[in-house]
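The values are calculated or read from the model by the stated rules, or taken from the named source; none is laboratory data. Small disclaimer: the values here were computed from a predicted structure and weren't measured. Here the Cβ positions follow ideal geometry from the backbone for every residue, glycine too, while neighbour counts run over all protein chains shown. What goes into the accessible areas is simple: the full protein's heavy atoms, side chains included, and nothing from ligands, DNA or RNA. Shrake-Rupley method; radii C 1.70, N 1.55, O 1.52, S 1.80 Å.
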Amino acid sequence: GYSSRISSSSSSSCSSSPFTTSCSSSSSSSSECTPPPPPPPPRDNEERRRSKLGVGGSKLALADPAAYASVIRTALEEGVVTFESGHGGEGRLADAFRTASAEPIVAAAGTKEGREEGRKRKAAAATLTARFGYRTRAADPERAARGEGSEAGDDVEERIIFPDDVYVETADAAAAAEEEAAAAAKKEAAASGDDAKEEGERENEDEPSAPKGPDPSRMVAVHNLSSEYALHKLSTSPLVKLRRRIKDGKAPPPSPLGVNLVYMAHNPEAQAASSLHAATLSGRSHPPLDELREIVRERLTSAFVGLEEGVDADLIDSYGVCSNGLSLPRSHPMHLDWMDVLGASSDAVQKYHGDDDTAVELPNGVTGTGTGNTGGGGGGLISSLSTVQLPANLLETRGLDVARDLKEYLDSDDGDDGDESPPKIPHLPRNVDVFVARPLTAYPDGGTGAAGTGGHGLHPLKLVDYVIDTAGGGDDPQFVPSDIHPSREWTHRLSSHQTPPHYQSALNVAMSHFDATPLLELQSARRLSAEERETLDGCRLLQSILHDLDANLADPERTRSFAEYEEELFARVIPVMHDTFEELDEDSAGVLQRFFAAHGAAVRHASARNVRALLKGGGSVGELNCAGYGDDLTAETSLQEYALGRLLGDANVDRVIVGCPRAEHIVEAAMAADKSAAAAAR
């Protein structure tokens, strides 16, 4: 995914921006520049749409360092200057960014004349985003430190309990629920005066052991939004260190690009997860939604207090929220209200700046310069909240509604105009950038991990067309451009009513190869041997499997998600085949290999076709309510080009975060931005 927020520089009255041409300092001895003519009306051009792209970091954090740097380098050359570190990937991003930006950025080869200077100006500063909240630690760090466990590593975060740590894994929540239930039972017994009676009854019994909770050496997943944890993350962040070195001019020449660092609280709604799990596992009803959301808002306020201190210490430029809950319906227990985000930010400003003592003390010996927003009274303070990142796409549209409502609220007047609307939340900026994540991936369950309706569950729907093998070559065709090999073609360029050309042939060959007719005829003449009966049963089973897989291609409910097909293949089909056949002869193995390669291409074609039909016609899948955005989607346009184009053209969307694990994906995303801009201009 991509996430970006471009900061404009204003070092002089003639400074350049990504969308204007700077004055030449050598054209006159005067310090003033000739005033430019009145600017034309804003134009949605290719450069502007490219600047709304960002590079996600989840997959890149696992990439080879050289490949990571190559992706960033390509992005900078293409005018894309926003990069997301992803969970746990700050160090990898810092290293890759330092490597990629160590040489002057030039325009990519083959681009239109005149773009080079514009892209150099765009790349004057890059926006880097990081997020915090989740981490792993020892189940009982104190006991683990005493040698009672062996799994805890050397990472300091694995050996510290921060205030308000909550378990986020079901198994860990179960242990927490057991501890909570035991404590509640003990408290209730003490209150009712039953302690003495219970002690008497147990006089001759072994004393039950107290609940011990998780094994102290086991690593558990926790979530934390305390100001203490936020400051700890800032004090140990490789991106904070990178930003400081660049600002202080300590980066080795040639000097890297400037950095605008945005730190985001990740999934604040996870703070409610522990209460929900504990209630479920103990048989109690869930706490009221208002109670859960008050917990989340209090914890988010604490995080923002720490981040306000980080801005004040000049460790980061601003902060934000990265949340799946923002795009969930209000009735969902993991919903996060955007008004709560604004309210928490306002509360944090008042809590942090309300103290006359402006000294900044941070952990681990890190000190700040105190250049943040500390002056003025409470009414003049403005929150450093800059960014809200949420999932949205043309099939999951609630996030787009949130973006619209958020922008309209911030742009509105105070509300004190005689109507009954409440006063506007104080201390807010006039604008907050909205970053859209998962622009090409829609989850029927909203990404919550809960099973959906109709058997859809977690399987995502991809707003993508694929390059597939149309001649049975056997190579992975997904990332091979069709103009390189004549047997590769995009799924949207194939007939929408037919399977790929080689599929039917591969199916026929497989069905014929495992035809049991000769054995059935032999069975009518004599008794089959044990080996022949096993072969007959195996052929029948394989033909049944092949028939079912072929029939699924015609069922939109079964072929909207390629991930669902892969799960069925590896969880059901292949294990059944392994259990049935101890060993396949070389010919049979080859026939099956060619069939599954062809069938995989057919499933990609069918899933792209069915998602396209869903996009154009509307309807619902699980929690998805598709609004029918695809009225102007043509057969010549790929799904990803169309989906990215619509989001890039949305005035309420400031960045579109796209996963690009390879450098060529950056080029493809940039081309999609160019095509959407050209289409909008027409």
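A quick yes/no check of all residues on (1) closer than 20 Å to A613 by Cβ; (2) modelled with pLDDT of 80 or more; (3) not in a loop (DSSP other than H, G, I, E, B):
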| residue | (1), (2), (3) |
| --- | --- |
| A451 | no, no, no |
| H459 | yes, yes, no |
| P477 | no, no, no |
| H492 | yes, yes, yes |
| A510 | no, yes, yes |
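Picking from residues in the range 52-62 that are in contact (Cβ under 8 Å) with a residue 40 or more places away in the chain and open to solvent by 20 Å² or more (accessible area, probe 1.4 Å), the one that is nearest to G89 (Cα to Cα) is S58.
For the range 507-528, which residues satisfy the criterion of being among the hydrophobic types (A, V, I, L, M, F, W, C) and open to solvent by less than 80 Å² (accessible area, probe 1.4 Å)?
Residues of the range 507-528 that are among the hydrophobic types (A, V, I, L, M, F, W, C), as a first pass: 507, 509-511, 514, 516, 519-520, 522, 525, 528.
Correct list: L507, V509, A510, M511, F514, A516, L519, L520, L522, L528.
Considering only the range 605-617, I want to know if a residue exists there that is farther than 13 Å from L395 by Cβ and open to solvent by 40 Å² or more (accessible area, probe 1.4 Å). Yes, the range 605-617 has at least one match.
Among residues that are open to solvent by 40 Å² or more (accessible area, probe 1.4 Å), at pLDDT 85 or above and over 15 Å from G258 (Cα atoms), P42 is not included. Being modelled with pLDDT under 75, crowded, with 22+ Cβ neighbours inside 10 Å, at negative phi and not charged (D, E, K, R) is not true of S255. Please indicate, with yes or no, whether at least one residue in the range 203-215 is at pLDDT 50 or above, closer than 18 Å to F162 by Cα and either among the polar types (S, T, N, Q) or open to solvent by less than 50 Å² (accessible area, probe 1.4 Å) (or both). No: zero hits. Within the option set A602, A606, A613, A598, being out of contact with any helix residue (DSSP H, G or I) (no Cβ under 8 Å at 6 or more places or on another chain), at pLDDT 90 or above, in a helix (DSSP H, G or I) and of a type in the set (G, A, S) holds for one residue only, A606.
Name the residue that is nearest to V464 (Cα to Cα), counting only residues in the range 647-666 that are assigned to a helix (DSSP H, G or I) and open to solvent by less than 50 Å² (accessible area, probe 1.4 Å). Checking each candidate, the answer is H665.
Matching residues to (1) open to solvent by 20 Å² or more (accessible area, probe 1.4 Å); (2) at pLDDT 95 or above; (3) touching a strand residue (DSSP E or B) at 6+ places or on another chain (Cβ under 8 Å); (4) over 30 Å from R612 (Cβ atoms):
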position: N364; (1), (2), (3), (4): yes, no, no, yes
position: G368; (1), (2), (3), (4): yes, no, no, yes
position: T371; (1), (2), (3), (4): yes, no, no, yes
position: Q389; (1), (2), (3), (4): no, yes, yes, no
position: D419; (1), (2), (3), (4): yes, no, no, yes
position: I425; (1), (2), (3), (4): yes, no, no, yes
position: T448; (1), (2), (3), (4): yes, no, no, no
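Search the range 494-506 for residues being of a type outside the set (A, V, I, L, M, F, W, C), in a helix (DSSP H, G or I) and open to solvent by less than 80 Å² (accessible area, probe 1.4 Å), and hand back the single one that is farthest from D585 (Cα to Cα). It comes out as Y503. The residue pairs whose first member lies in the range 569-596 and is in contact (Cβ under 8 Å) with a residue 12 or more places away in the chain and surrounded by 10 or more Cβ atoms within 10 Å (Cβ to Cβ), whose second member is assigned to a helix (DSSP H, G or I) and small (G, A, S), and whose beta carbons are closer than 7 Å, counting only pairs six or more residues apart or on different chains, are T580/G538; F581/G538; V591/A510; L592/A510; R594/A506; F595/A506; F595/A510. Within the set V80, V71, the sole residue that is modelled with pLDDT of 90 or more, part of a loop (DSSP other than H, G, I, E, B) and either crowded, with 24+ Cβ neighbours inside 10 Å or of a type outside the set (S, T, Y) (or both) turns out to be V80.
Please verify whether the range 626-646 includes one or more residues that are at pLDDT below 90, at positive phi and part of a loop (DSSP other than H, G, I, E, B). Yes, the range 626-646 contains a residue that is at pLDDT below 90, at positive phi and part of a loop (DSSP other than H, G, I, E, B). Looking only at the range 316-342, residues that are over 14 Å from V388 (Cα atoms) and open to solvent by 10 Å² or more (accessible area, probe 1.4 Å) come to 9 in all.
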